[in-house]
């Protein structure tokens, strides 16, 4: 399938280069093709040597692969970024207010703005969090909101990732790589720096330490070296100068969390956890979890440790609740949402279900709880047989699916086998919410679907990444 | 620092050092095998090497006869042999991977790069390049890791545990390399101090980069007692047992915790006995006997370090 009409980030409909790409485009046209090919090979070799890899689930022996890196940047002009940033802050603020509300007074449910069952019967709703107060009332400290551009270039939010969003290390490494390969580009363009992210993250984490703790000890909790995002966990811990711990390194004594060190136990105050709720504490959640820490939830309830993100944020980034985020903005902030949602059909609703069944070849269907591009149907890119097979899955469990129109994602020039060609992209900016402020680094991670016509940008599905430039005015 | 982190650092360093010393041990034997000698003499030399590494059983399970190719197969490439160069470099890399946030990026890249390159070598490739070139490569990669460690790492606890791993492993390996000579019989017709003997001792010295050092220090003929003195008691010789135990003891003192007093005492006792020991006394009691005891003490100290610092213990 090829989408005929889409927004091209670099050129307008008449084929002339957009002003914010002018500098880069001029530079690119002066660059001999062999030199570009050489630089690409250099980038690959460097990424390999640095071990910037990810593990692919299901591949033999937990093999490590590189995420393909494309050397043509995605460029966003300053004024566009400002509007997008404002929209993201507004959205995350409302989402945090929503999570606090559903675990306390449930005003939004009482007001009938969101049907109760959507929230309370949601698998991601954690009754364990009811009435629990968390530091600063912040739940999603780190949000990785997926944004796409469609139509004439309008931004749409595709997903609010509020659990353990990853990818920020690639944002930082891609920038480092670009600066190493093409230092002169950076002196010719005013590109907003991104390398403050680890500092901002550490400040955010420290700002939500338990009350009374003045010099908090922060750690990053990883499932271990075989996790697909291990590189990022190690990277962030190193950049922040904090310990990277595994569950076995921690224990709870008298409702206080400690780590085992060569000099004995040391208190831990804030845990940036990169493992899912289900694995956090075998006494409360999955009993077979060896990744977590027995007693962690007890310490958490006692307010002696802060978990980032909080337990139970999944109730707000679930695809069936997604539909109501604009309503949350209105309800909690009394503002009109700045960013669009993608129109979404919920297969659990009778009318929507009928529509979805009639239009499967045109729609993108997703599992409500799915992530990472697994278990989805891209109608226009699928064969009849694939569509029919998926139809049966929806019929069997309509509640599990939502559907959206196939968006003509914007495309950015990308190096491929045949030369430079447009490929579809998305953008994941990272929004940090601390007890005083909401911040974000200009840019984010741009992912690109490298296969011609493909709209799936996930690295597990053959996607690559690009450096993302916000041009300062 | 985390006990688990200390454990990974310690083993990262140990495995890298071990890879280097296997290469050194194989290199000395390979050089010796090049000298004119009866076939059974050469076999004995390889058999002694296997025995000293505790690999003779595994070897005879896999092969019927002793050939350099088989020995290289087992000691360089074998995936089941936990003491093959392949396995050591992989383990060094896996341990580094687990603490890549603690070590400097240069050290990680070096260790990772060594492993990536190791995967390109194969027994077939070794027939194309001289096997000595491969040993040289392993040695230089280990030099590089050590240099990067010293040149880039903050000298904090992480560094101390890395150093302890390096020197404890080297203490073990130097003792073993020296012991190999003692497992060998002189070729028939040769007397101690003869040409063959000279060749063996000088090859041994070269394998621990001590040939030139020996010349400088003694300015005299190579004798077993002096070689033993150099490799055991001279603390200014970087691969000597005395130097290794001095480093282990010094670094242990810097990381001491409330459980480690006895370990420190034992390391200190060993350090002192090497500092004040006399080579005549060692030779009188028999070098081999002495080395057997040394290996046991090194093993004891490494077990105690694991218990005191590395294995997580609940509060």
Residue ID - farthest from residue B:175 (Cα to Cα), chosen from residues in the stretch B:278-295 that are crowded, with 19+ Cβ neighbours inside 10 Å and touching a residue at least 60 places away in the same chain (Cβ under 8 Å)
B:287
Residue A:453 passes all but one of (1) assigned to a loop (DSSP other than H, G, I, E, B); (2) buried (at least 20 other Cβ atoms within 10 Å of the Cβ); (3) touching a helix residue (DSSP H, G or I) at 6+ places or on another chain (Cβ under 8 Å); which number fails?
(2)
Tell me whether the stretch B:50-65 contains one or more residues that are buried (at least 24 other Cβ atoms within 10 Å of the Cβ), assigned to a helix (DSSP H, G or I) and under 14 Å from the mean Cα position of the chain (by Cα).
no
Please return the ranges of helices (runs of 4 or more DSSP H) entirely within the stretch A:32-110 where 1 or more residues are at pLDDT 95 or above and in contact with a helix residue (DSSP H, G or I) (Cβ under 9 Å, 6 or more places away or on another chain).
A:78-102, A:107-110
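Filter the stretch B:12-46 for residues that are without any contact (Cβ under 8 Å) to a residue 60 or more places away in the chain and closer than 21 Å to residue B:60 by Cα; which is surrounded by the fewest Cβ atoms within 10 Å (Cβ to Cβ)?
Residues of the stretch B:12-46 that are without any contact (Cβ under 8 Å) to a residue 60 or more places away in the chain, as a first pass: B:33-34, B:36, B:39-40, B:42-43, B:46.
Filter once more, so that each one left must be closer than 21 Å to residue B:60 by Cα: B:33, B:39-40, B:42-43, B:46.
Working: B:33: 16, B:39: 8, B:40: 12, B:42: 19, B:43: 14, B:46: 22.
Filtering first and then ranking leaves B:39.
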Exactly one condition in (1) touching a residue at least 24 places away in the same chain (Cβ under 8 Å); (2) outside the structural domain of residue A:236 (by TED's automatic domain parsing); (3) surrounded by fewer than 23 Cβ atoms within 10 Å (Cβ to Cβ) is false for residue A:187; which is it?
(1)
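For the stretch B:84-106, give me each residue that is within 12 Å of another protein chain (Cβ to nearest Cβ) and in a helix (DSSP H, G or I). Please lay out each step first, then the result.
Initially, the stretch B:84-106 is screened for residues within 12 Å of another protein chain (Cβ to nearest Cβ), giving B:93-106.
Answer for the stretch B:84-106, where residues must be within 12 Å of another protein chain (Cβ to nearest Cβ) and in a helix (DSSP H, G or I): B:93, B:94, B:95, B:96, B:97, B:98, B:105, B:106.
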Could we say that residue B:112 is without any contact (Cβ under 8 Å) to a residue 24 or more places away in the chain and more than 14 Å from chain A (Cβ to nearest Cβ) here?
no
With the requirement that a residue be within 10 Å of another protein chain (Cβ to nearest Cβ), buried (at least 20 other Cβ atoms within 10 Å of the Cβ) and either at positive phi or part of a strand (DSSP E or B) (or both), what does the stretch A:252-270 give you?
A:258, A:259, A:260, A:261
I'm trying to understand the selection: among the residues of the stretch A:155-178, which are closer than 20 Å to residue A:324 by Cα and not in a loop (DSSP other than H, G, I, E, B)?
A:155, A:156, A:157, A:158, A:159, A:160, A:161
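Tell me yes or no: at least one residue of the stretch B:235-252 is within 14 Å of another protein chain (Cβ to nearest Cβ) and either within 22 Å of the chain's Cα centre (by Cα) or surrounded by 16 or more Cβ atoms within 10 Å (Cβ to Cβ) (or both). Let's see the steps before the verdict.
Initial filter on the stretch B:235-252 (within 14 Å of another protein chain (Cβ to nearest Cβ)): B:251-252.
With the extra rule that they be either within 22 Å of the chain's Cα centre (by Cα) or surrounded by 16 or more Cβ atoms within 10 Å (Cβ to Cβ) (or both), the set shrinks to B:251-252.
Yes, because at least one residue in the stretch B:235-252 is within 14 Å of another protein chain (Cβ to nearest Cβ) and either within 22 Å of the chain's Cα centre (by Cα) or surrounded by 16 or more Cβ atoms within 10 Å (Cβ to Cβ) (or both).
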Failed condition for residue A:229, given (1) within 10 Å of another protein chain (Cβ to nearest Cβ); (2) in contact (Cβ under 8 Å) with a residue 60 or more places away in the chain:
(1)
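Return the only residue of A:116, A:82 being more than 24 Å from residue A:348 (Cβ to Cβ) and without any contact (Cβ under 8 Å) to a residue 12 or more places away in the chain. Let's see the steps before the verdict.
Values: A:116 fails: more than 24 Å from residue A:348 (Cβ to Cβ).
Criteria check complete, one pass: A:82.
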It is to be established whether one or more residues within the stretch B:121-143 are free of Cβ contacts under 8 Å to residues at least 60 places away in the same chain, within 14 Å of chain A (Cβ to nearest Cβ) and surrounded by fewer than 18 Cβ atoms within 10 Å (Cβ to Cβ).
no
Restricting the stretch A:206-220 to residues that are in contact with a strand residue (DSSP E or B) (Cβ under 7 Å, 6 or more places away or on another chain) and either part of a loop (DSSP other than H, G, I, E, B) or farther than 24 Å from residue A:437 by Cα (or both), the one farthest from the other protein chains (Cβ to nearest Cβ) turns out to be A:208
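The values are calculated or read from the model by the stated rules, or taken from the named source; none is laboratory data. All figures in this text were calculated on a predicted structure; none of them were measured in a lab. Cβ sites come from the backbone with ideal geometry, for glycine too, and all protein chains shown count toward neighbours.
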